[in-house]
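Structure first, commentary second.
The values are calculated or read from the model by the stated rules, or taken from the named source; none is laboratory data. Worth saying up front: this structure is predicted, and the values here are computed from it rather than measured. Methodologically, a virtual Cβ is constructed for each residue, glycine included, from the backbone with ideal geometry; neighbour enumeration extends over all protein chains shown. Ligands, DNA and RNA are excluded from the accessible area calculation, which covers all protein heavy atoms including side chains. Shrake-Rupley method; radii C 1.70, N 1.55, O 1.52, S 1.80 Å.
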Amino acid sequence: MEQITILARVFGSLFYFPLTHTNNLELVNAMGDSDEESLFSGLAQRMAVDGDIALATDFQLLFEGMDVMPAPPWGSVYLDREQVIFGDSLLRYREFLAQQQMALDTGMREPEDQFGLMLLALVNLIEQQPDYAAARELLEQHLLPWAYRYLELVEKNAKTQTYQYLAVAMQQWLHYVQQELVLTPADMKVYF
C-alpha cells in the first residue's frame, strides 16, 4: 500500500497544480533522476520538449477552462445529468468526506471532487485508516466511475505530449490499483 500512497500523492499533485509549479518540477526531477527509462524520466523528457509556455497553456485549457472545457476535472460534470460542477454527486462525496471527518480546504471556493484533490484525499484516507475501507469506498464510489472517461478526454484534448503521456500513465496506474485492491467501481452513468 506504500507504493500506492506515494504515487497517489505524486499524481494528485501533478493533476492539481500546473506541471510548472515548483513542487511538481521538484517531484518530477527527483523521481526521474535515473539513467533507466521510467514513468517520471519519460515525463521529464516530454516536459523539456514541450516547454513551460505550452505546458502552462495546456494546463489552463484542461484544468481551468478557456471558454469550453474539453476535459473538466470535476466528477459531478461526468456523473450528474446536468453536467454541472457542484452537482448531486459532489454532495454525496462531501457527505462521504464528512463521515470520514475530513474537510478539504484549499482556500478557494472550488469543488472537492477535482481529480487531483480526490487523489490527495485518498492518500489521507490510506494513512489515517489501517483497514483501507474508506479508501476503497472513495475509489469505487466516487473516483473510478468517471476517472477513465476524464483521462480519455485529457489524452484526446491535450496539446502537449506531456499531458497526453500523463493521462495514459494515470490510466495504467488506476488499472493497476483497481486490480491490486480488487476494486469494483460502482456502475454509474457517465453523462460527459
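Among the residues in region 71-83, are any touching a Gly at 6+ places or on another chain (Cβ under 9 Å) and hydroxyl-bearing (Ser, Thr, Tyr)? Checked against the condition, which is being touching a Gly at 6+ places or on another chain (Cβ under 9 Å) and hydroxyl-bearing (Ser, Thr, Tyr), region 71-83 yields at least one hit. For region 78-108, the candidate set comprises residues that are among the aromatic types (Phe, Trp, Tyr) and more than 14 Å from Asn124 (Cα to Cα); within that set, the residue that is most open to solvent (accessible area, probe 1.4 Å) is Phe86. The single condition among (1) at pLDDT below 90; (2) outside any helix (DSSP H, G or I) that Ser41 does not meet is (2).
Where the second residue is at pLDDT 95 or above and of a type in the set (Val, Ile, Thr) and the first is open to solvent by less than 60 Å² (accessible area, probe 1.4 Å) and lies in region 37-61, which pairs have Cβ atoms under 7 Å and are six or more apart or on separate chains? Between residues of region 37-61 that are open to solvent by less than 60 Å² (accessible area, probe 1.4 Å) and residues that are at pLDDT 95 or above and of a type in the set (Val, Ile, Thr), the close pairs are Leu43/Thr162; Met47/Thr162; Asp50/Thr160; Asp50/Thr162; Ala54/Thr160; Leu55/Thr160; Leu55/Thr162; Asp58/Thr160.
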